[in-house]
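*Asks:* The structure that follows is given in the form of structure tokens.
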Amino acid sequence: MKSDVEELMPKLLPVEFGANTEDLGLNRTPRNPQEYLRQVQLEASLCPEVVVAQIDPKKLKRKQTVDVPVEGCHAAPVGFSPSLRWQQQQVSNFSDIRQPKLADEEGWKRFCLGEKLYLGTSSCDPDEEPESALDYCKVGFPPFLSIVSRLNQTTLLMVLEILISWFEEREFVPQLGRWLYALLACLEKPLLPEAHSSIRQLARRCAQFRSTLESREDEKLPALNLLICLVARYLPLSQ
């Protein structure tokens, strides 16, 4: 009688056992392809169809943290490794946020600026774990070259317009400035007509916000002046 596996999965290389199967042996070197296939069949017939792993439940509850070995990196000292729950949450968040859809404006805002700015909750939650300070989903992903350089010009300009639109209704923050600078630096020349309109809009908004500052020592002033200068004196020359 055929096994359940044989009934469900037809043989790709049907080889019937001959009368001298016992003489083959698993340790004997096959003399031809036919004997090799017979040895494979014989070895498979000796394996159980279902294998159940024996897991000790007690061992699963011993460690609350996990160290992922990375070649060339020192292992974390005891107590320095983040909890397994935190790591799983970060991986889940990163997986969801790392690839916002092309036209997903809200997704790009969350990616570039973080949930705190996006949701308008800049204050820290006192009940929040200290480890969350490392959460880029909350503070926004920096405009790493590995990220910005992979955006084509259409996507890059779209993200720039999304951030400028966000800036039209909110205050200037360092994270926004970093992204605006990185995106402007990656604009290819000659500039598209849409790009000219966007960067002029950015310069006007920067100038407007600059006029509301009460002190020349305000830390936002150098960043605003830099963006205005680039739009006024450099980018028009990129034609």
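*Asks:* Select from the stretch 143-198 those chymotrypsin sites (Phe, Trp or Tyr not before Pro) which occupy a DSSP coil region and have at most 15 other Cβ atoms within 10 Å, ordered by residue number.
*Replies:* 144
*Asks:* Output ³J(HN,Hα) for the stretch 226-231: one whole-Hz value per residue in order, computed from phi by the Karplus curve 6.51 cos²θ - 1.76 cosθ + 1.60 with θ = phi - 60°, and x for Gly and Pro.
*Replies:* Result, ordered by residue: 5, 5, 5, 4, 5, 5 Hz.
*Asks:* What are the GluC sites (Glu not before Pro) within the stretch 131-170 that DSSP puts in a loop, where the Cβ has at most 10 other Cβ atoms within 10 Å?
*Replies:* 169
*Asks:* To continue, here is another question. Apply the Karplus curve 6.51 cos²θ - 1.76 cosθ + 1.60, θ = phi - 60°, to the phi angles in the stretch 149-157 and return the couplings in whole Hz, x for Gly and Pro.
*Replies:* These are the phi-based 3J(HN,Hα) values: 5, 8, 8, 6, 5, 5, 5, 4, 5 Hz.
*Asks:* About the Cα centre of the stretch 153-239, how large is the charge dipole given +1 on each Lys and Arg Cβ and -1 on each Asp and Glu Cβ? Please answer in debye to the nearest 20.
*Replies:* Dipole about the Cα centre, nearest 20: 260 debye.
*Asks:* Next question. Based on Cα positions only, what radius of gyration and what Dmax would you give for the stretch 147-239, in angstroms?
*Replies:* 12.9, 39
*Asks:* Could you compute how much accessible surface residue 36 exposes when probed at 1.4 Å, giving the result in Å² to the nearest 10?
*Replies:* Counting only protein heavy atoms, residue 36 exposes about 130 Å² to solvent.
*Asks:* Among 221, 165, 190, which residue has its Cα furthest toward the positive end of the charge dipole of the stretch 150-239, with +1 on Lys/Arg Cβ and -1 on Asp/Glu Cβ?
*Replies:* Projecting each Cα onto the dipole axis, the largest value belongs to 190.
*Asks:* While we're on this one: Please sort by residue number the GluC sites (Glu not before Pro) in the stretch 188-239 whose DSSP state is loop and whose Cβ has at most 15 other Cβ atoms within 10 Å.
*Replies:* 188, 214, 217, 219
*Asks:* Taking 0.36 nm per intervening residue step and subtracting the Cα-Cα distance, what contour gain separates residue 154 from residue 209 on full extension?
*Replies:* 17.1 nm
*Asks:* Here is a further query. Grab the Cα-Cα distance for residue 75 and residue 32, subtract it from 0.36 nm times how many residues apart they are, and report the gain in nm with one decimal.
*Replies:* This chain segment gains 10.4 nm when fully extended.
*Asks:* Here is a follow-up. Return the sequence-ordered ³J(HN,Hα) values of the stretch 200-214 in whole Hz as given by the Karplus equation 6.51 cos²θ - 1.76 cosθ + 1.60 applied to θ = phi - 60°, using x for Gly and Pro.
*Replies:* 5, 4, 5, 4, 4, 5, 4, 5, 5, 5, 4, 5, 8, 5, 9
*Asks:* Just to be sure I understand the model, the point goes 7 Å from the Cα along the line to the Cβ. What's the resulting residue 47 to residue 232 distance in nm?
*Replies:* For residue 47 paired with residue 232, the spin-label model returns 7.4 nm.
The values are calculated or read from the model by the stated rules, or taken from the named source; none is laboratory data. Worth saying up front: this structure is predicted, and the values here are computed from it rather than measured. FYI the Cβ positions are ideal-geometry reconstructions off the backbone, even for glycines, and counts take in every protein chain you see. Surface areas here come from the heavy atoms of the whole protein model, side chains and all, with no ligands, DNA or RNA. Shrake-Rupley method; radii C 1.70, N 1.55, O 1.52, S 1.80 Å.
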